[in-house]
Amino acid sequence: MSSQELASQPTNSVSSTVPGADETPKAPQSLALQLVCAVGVLGFAGYMFSSWQQTLAQHSLAQQAQGSTSVVEEAPAMAAVEAQVQPSVTQPEVTATTGAIAPEVAPTVPAAVPMVTEPAPTPGITDPATLTTLGQKLYEQIDGSWKSYPTFTSNLVYQVQVQRDGAIAGYDSLNKPAQDYLGETPLPELTSNSATLAETSTQPQAKFLVLLMPSGTLEISPWVGN
């Protein structure tokens, strides 16, 4: 075998013994492509999920806005319905009467009743000296006229009014025995002998407390109080 043949044979053998040398880099390329595809799918999925959430949020906001708008629109609608219902109130019918109308009679005013004025109270005598003098005169009149023997067993108590001239103007019984046994006293007779009531009602008077006792004793003292 010549040197040329030897030189040519190793070359051919080398080229022929390396089958698949071009196929070795294909495995990394396919793995990288798979990774890129996976990343793309994940990114697309994330984008779709975000879009779906955004769409749901917009839909919820749209429903809330629509609900508030319906409430606002319903209030004027109810107001309009109330405005339409109010005028529908039926008014009572007024019927004209053809009969004669009675004339109005003015209320009668009662006539003024004249006021009855009570007589002014009789002025009293309060001077001590005058009271002493009038008391002595009253004692003499009653004691000189008291002639009957007492049949009563209790004191007879009277209030006796005396005018300035000493005349007895009147008397009042202050207990029941004084009323029951008035006839045994000279007071009715002494009063009837005095001036009439019309003449003595305006004259000053002095009041005295008069006691007629069953023992025949007579006591007279100025009246204290009204």
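For ALA169, what residues show an amide H to amide H distance below 5 Å, using hydrogens built from the backbone and excluding near sequence neighbours? Here GLN161, VAL162, GLN163 satisfy the definition. Electrostatic tally near ALA206: other residues with Cβ closer than 13 Å to its Cβ, Lys and Arg +1, Asp and Glu -1, net +1.
Taken one residue at a time, the phi angles of segment 124-130 give Karplus couplings (6.51, -1.76, 1.60, θ = phi - 60°) of x, 9, 10, 5, x, 5, 5 Hz. Gly and Pro are set to x.
For the peptides 127-133, 52-58, 180-186, the ranking by mean Cβ contacts within 10 Å, running from highest to lowest, is 180-186, 127-133, 52-58. Loop-located trypsin sites (Lys or Arg not before Pro) across segment 127-198 with a Cβ neighbour count of 12 or fewer within 10 Å are LYS147, with loop assigned by DSSP. The length gained by stretching the chain between LEU182 and GLN136 to full extension, at 0.36 nm per residue less their Cα-Cα distance, is 14.4 nm. Remark on TRP223: its backbone amide H falls under 5 Å from those of LYS207, PHE208, LEU209, a criterion applied only to residues 5 or more positions apart or on other chains, H modelled at 1.01 Å from N. Backbone phi angles across segment 132-140, fed through the Karplus curve with coefficients 6.51, -1.76 and 1.60 (θ = phi - 60°), yield HN-Hα couplings of 5, 5, 5, x, 5, 4, 5, 4, 5 Hz in residue order; Gly and Pro are listed as x. Largest first, the residues TYR158, TYR149, TYR47 sort by 1.4 Å accessible area into TYR149, TYR47, TYR158.
The values are calculated or read from the model by the stated rules, or taken from the named source; none is laboratory data. If you're wondering where the values come from, they're calculated on a predicted model, not measured in any experiment. Reconstructed Cβ throughout: ideal geometry from the backbone, glycine too, with neighbour counts over all protein chains shown. These accessible areas exclude ligands, DNA and RNA; they are computed on the full protein's heavy atoms, side chains included. Shrake-Rupley method; radii C 1.70, N 1.55, O 1.52, S 1.80 Å.
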